[in-house]
Amino acid sequence: MTPQGPARDRDLAGRPRNARPRDALGRPLSRDAEGEDQLPDQPALHPDTALDVAQQLIDSGRAFSAHEVLEASWKAAPPAERELWQGLAQVAVGLTHMQRGNARGAAALLRRGGERVAGYAASPPHKIDAAHVAEWATELADAIERDGLSAANAAAQQLCLRELEARPSEEPAQASGLPEQGACPSERGSTGLAGWASKGG
């Protein structure tokens with residue numbers, strides 16, 4: 001008789017799911033460790049809400065959690081938008097690799113995601129700033145490949161997923177070669193992270 005190992009962790013629907021606590025970068029910890037609060041396990045959000053929640057997660061340094069939100073939207077998206085949402089999720093994974101110190105993985109996923117998002121630059125849905133996201137991701141990937149993770153400073157990680165309310169006029173290029181980044185739209189209110197997370201409690 002084959003010895004039985006410990007039962008696999010599963011979610012409420014019976015799908016395999018690692019229930020070990022995780023740190024802020026999504027890395028599993030020992031079962032007795034105190035990890036980060038996990039996002040509520042919910043179906044894919046409305047696109048506007050998903051973008052707002054993902055933006056707030058990115059702003060707070062939780063790119064791994066942002067990737068989970070965007071990945072759910074990718075899997076639920078209509079066929080015409082799937083490449084876009086997949087690209088956004090890959091950009092968030094690229095940021096996760098960057099935060100974990102994996103330069104090669106960061107550059108590869110940022111570039112791959114940027115290429116997917118670029119295909120929607122002409123007519124992006126949901127006010128996603130596809131042209132800007134694609135340029136930002138590609139230039140950050142270039143900088144990481146050229147200069148290593150020293151290029152990944154705090155300013156470089158400030159990614160805006162949606163159109164900025166007002167862009168500044170031309171400014172001098174940064175020494176790193178990365179594009180300048182303005183403030184992201186702030187109209188999030190109850191559809192943002194706090195309002196959404198409270199529904200899962």
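FYI, it's all coordinate maths here, none of it is from the lab. As the structure is a computational prediction, the values presented were derived from the model and not from experiment. Cβ coordinates were reconstructed from backbone atoms using ideal geometry, including for glycine residues, and neighbour counts include every protein chain displayed.
Taking 1 over the mean of 1/r across every pair of different Cα atoms in segment 62-132, what Kirkwood radius in Å do you get? Don't skip to the answer; put the middle values down first.
Numbers: mean 1/r = 0.0837 Å⁻¹.
It is 11.9 Å.
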Length gained if Ala122 through Ser60 is fully extended, taking 0.36 nm per residue and subtracting the Cα-Cα distance, is 19.4 nm
Burial-style ranking of 64-70, 107-113, 141-147, average other-beta-carbon count within 10 Å with highest first, yields 64-70, 107-113, 141-147
Check: C-alpha center segment 41-89 vs C-alpha center segment 125-140, spacing in Å is 14
Descending packing, highest mean Cβ count within 10 Å first, for 94-106, 71-83 is 94-106, 71-83
